[in-house]
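Trainee: Pasting a structure below so you can have a look.
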Amino acid sequence: MKVHYDEEVDALYLKLGDQKPDGVIEIAEGVNIDTTTDGKLTGIEILAASKKINIDTILSYTLELDQGILKKNRLIE
């Protein structure tokens, strides 16, 4: 997962994979999920991000995930 924050427009993007999104689902005002045609999540966009979450907190974490567990649960291929 990669995290991108554009301070100028106050938008946060969580990139969940390398696949190119084919569609967008708005799940709340200013919160969009990018998906592929087969329903896989590729990213999450949060507009007016600093009003919805603590930007300093999300940009300060590093996550290490077990790729085997993700593959087993089909979260990545």
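Trainee: Of everything in segment 35-59 that's without any contact (Cβ under 8 Å) to a residue 24 or more places away in the chain and of a type outside the set (Ser, Thr, Tyr), which residue is farthest from Val24 (Cα to Cα)? Step through it out loud before you land on a result.
Mentor: Pass one, segment 35-59, residues without any contact (Cβ under 8 Å) to a residue 24 or more places away in the chain: 35-40, 52, 54, 56-57.
Filter again for of a type outside the set (Ser, Thr, Tyr), leaving 38-40, 52, 54, 56.
Details: Asp38: 13, Gly39: 11, Lys40: 11, Lys52: 20, Asn54: 24, Asp56: 26 Å.
Only one residue fits best here, namely Asp56.
Trainee: Go through segment 1-60 residue by residue and tally those that are surrounded by fewer than 13 Cβ atoms within 10 Å (Cβ to Cβ), small (Gly, Ala, Ser) and not in a loop (DSSP other than H, G, I, E, B).
Mentor: Total meeting the criteria: 2.
Trainee: What residue, among those in segment 25-40 that are farther than 18 Å from Asp10 by Cα and of a type in the set (S, T, N, Q), is modelled with the lowest pLDDT?
Mentor: Ranking the candidates gives Thr37 first.
Trainee: List the pairs whose first member sits in segment 20-34 and is more than 9 Å from Ile46 (Cα to Cα), whose second member is in a loop (DSSP other than H, G, I, E, B), and whose Cβ atoms are under 8 Å apart, counting only residues at least 6 apart or on separate chains?
Mentor: Lys20/Thr36; Pro21/Thr36; Asp22/Thr36; Asp22/Thr37; Gly23/Thr36; Gly23/Thr37; Asp34/Pro21
The values are calculated or read from the model by the stated rules, or taken from the named source; none is laboratory data. No experiment lies behind these values; they were computed from the predicted model shown. In this analysis, Cβ positions are derived from the backbone assuming ideal geometry, glycine residues included, and neighbour counts consider all displayed protein chains.
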